[in-house]
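Trainee: Have a look at this one before I ask anything.
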Amino acid sequence: MELPYLFDADPQAQQAAHRLLAIAPSAEELRIHEQFTQLAVDVSGGNASYPFGAVIVDHMTGEVLGRGVNGSSQSPMLHG
């Protein structure tokens, strides 16, 4: 892959850029990530005062293992 001229004079920078590009997520991986991020945003609506949601996903199967919303208004132990 041809990288911008910015890296031409620095072989180490060229190698580092290639390594970063090799691990970049695919368009499909980004789409799936966005779906789960939206799910966390939707979950966060369960607490208007502290709208912070979380979703735990098995990255191999895509199964949602858990979801929750910040409940610190009931107990400080329920933060996050």
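The values are calculated or read from the model by the stated rules, or taken from the named source; none is laboratory data. Just so it is clear, the structure is predicted and the values come from calculations on it, not from any experiment. Note that we place each Cβ from the backbone using ideal geometry, even for glycine, and neighbour counts take in every protein chain shown.
Trainee: From the residues in the range 38-80 that are hydrophobic (A, V, I, L, M, F, W, C), over 24 Å from P25 (Cα atoms) and surrounded by 13 or more Cβ atoms within 10 Å (Cβ to Cβ), which one is modelled with the lowest pLDDT?
Mentor: Of all residues in the range 38-80, those hydrophobic (A, V, I, L, M, F, W, C) come to 39-41, 43, 48, 52, 54-57, 60, 64-65, 69, 77-78.
From what's left, over 24 Å from P25 (Cα atoms): 43, 48, 52, 69, 77-78.
Restricting the remaining residues to those that are surrounded by 13 or more Cβ atoms within 10 Å (Cβ to Cβ) gives 43, 52, 69, 78.
Values: V43: 89, F52: 83, V69: 84, L78: 67.
In this case the residue turns out to be L78.
Trainee: I'd like to know if the range 1-21 contains one or more residues that are more than 16 Å from the chain's Cα centre (by Cα), acidic (D, E), loosely packed, with under 10 Cβ neighbours inside 10 Å and at pLDDT below 85. It would help to see each step written out before you state the result.
Mentor: Here is the first cut: in the range 1-21, the ones more than 16 Å from the chain's Cα centre (by Cα) are 1-21.
Now narrow it down to the ones that are acidic (D, E): 2, 8, 10.
Restricting the remaining residues to those that are loosely packed, with under 10 Cβ neighbours inside 10 Å gives 2.
Okay, now just the ones that are also at pLDDT below 85, so 2.
Within the range 1-21, one or more residues are more than 16 Å from the chain's Cα centre (by Cα), acidic (D, E), loosely packed, with under 10 Cβ neighbours inside 10 Å and at pLDDT below 85.
Trainee: Look through the range 13-27, keep the residues that are of a type outside the set (A, V, I, L, M) and not in a loop (DSSP other than H, G, I, E, B), and return whichever of them is nearest to H59 (Cα to Cα). Lay out the reasoning, then the answer.
Mentor: Going residue by residue through the range 13-27, those that are of a type outside the set (A, V, I, L, M) are 14-15, 18-19, 25-26.
The next check asks that each one be not in a loop (DSSP other than H, G, I, E, B); those that pass are 14-15, 18-19.
Values: Q14: 31, Q15: 28, H18: 25, R19: 22 Å.
Top of the filtered list is R19.
Trainee: Here is a follow-up. Checking the condition on the phi > 0 side of the Ramachandran plot and touching a residue at least 12 places away in the same chain (Cβ under 8 Å), which residue from G62, G53 passes?
Mentor: On the way: G53 fails: on the phi > 0 side of the Ramachandran plot.
One residue alone meets the criteria, G62.
Trainee: Quick one: how many residues across the range 28-53 are over 13 Å from V64 (Cβ atoms) and either not hydroxyl-bearing (S, T, Y) or not in a helix (DSSP H, G or I) (or both)? Outline the logic, then answer.
Mentor: Of the residues in the range 28-53, the ones over 13 Å from V64 (Cβ atoms) are 28-31, 33-34, 41, 44-52.
Keeping just the survivors that are either not hydroxyl-bearing (S, T, Y) or not in a helix (DSSP H, G or I) (or both) gives 28-31, 33-34, 41, 45-52.
Of the residues in the range 28-53, 15 are over 13 Å from V64 (Cβ atoms) and either not hydroxyl-bearing (S, T, Y) or not in a helix (DSSP H, G or I) (or both).
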